[in-house]
């Protein structure tokens, strides 16, 4: 359907040349040159604060782990002292039927621990 009010009119604009707006380009460049450093500064500031928070959490967690390890170490030292005490060893030996050795049956064995880098021959 054709209506009388919608007529196409040919427009001849082949002689019109589009030019860049130099003022607008300068404004865009100024915004970019000011915005990028400001954005970078804000990003680095936020990253630094988040890193401080993360390191604080890690430090707190490591303090708790250290305290737990120190407590376990103390318990293990007490256990070693209890198990290697002469009275406890003698009581266990007597419980399984061992008797003290006579002086002539005792054999002394020397420890031959090698130091680091020493060659065994």
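Coordinate-derived values only; no laboratory data. Because the structure is predicted, anything quoted here is derived from the model rather than measured. Ideal geometry is used to build each Cβ from the backbone, glycine not excepted, and the neighbour counts take in all protein chains shown.
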Expressed as an acute angle from 0 to 90° and rounded to the nearest 10, what is the orientation of the C-alpha long axis of helix 22-84 relative to the principal long axis of the chain?
-> 10 degrees
From zero up to wherever the largest Cα-Cα distance of the stretch 22-97 sits, split into 5 Å bins and tell me the percent of pairs in each.
-> 3, 12, 8, 9, 7, 7, 7, 6, 6, 5, 5, 5, 4, 4, 3, 3, 2, 2, 2, 1, 0, 0
In deg cm²/dmol, rounded to 500, what helix-only [θ] at 222 nm does the chain give when every DSSP H run of at least 4 residues adds -39500 (n - 2.57) and the total is split over its residues?
-> -22000 deg cm²/dmol
Whole-Å distance linking the alpha carbon centroid of the stretch 75-96 with that of the stretch 5-26 is 101 Å
Distance in nm between pseudo-label sites at residue 104 and residue 75 (7 Å out along the Cβ direction from Cα) | 5.0 nm
Sort 71, 9 so that the residue with the fewest other Cβ atoms within 10 Å of its own Cβ comes first and the one with the most comes last.
-> 9, 71
Heads up, the stretch 55-96 by the C-alpha gyration tensor (a ≥ b ≥ c square roots of eigenvalues; a/c under 1.5 rounded, else a/b over b/c prolate, else oblate) looks prolate
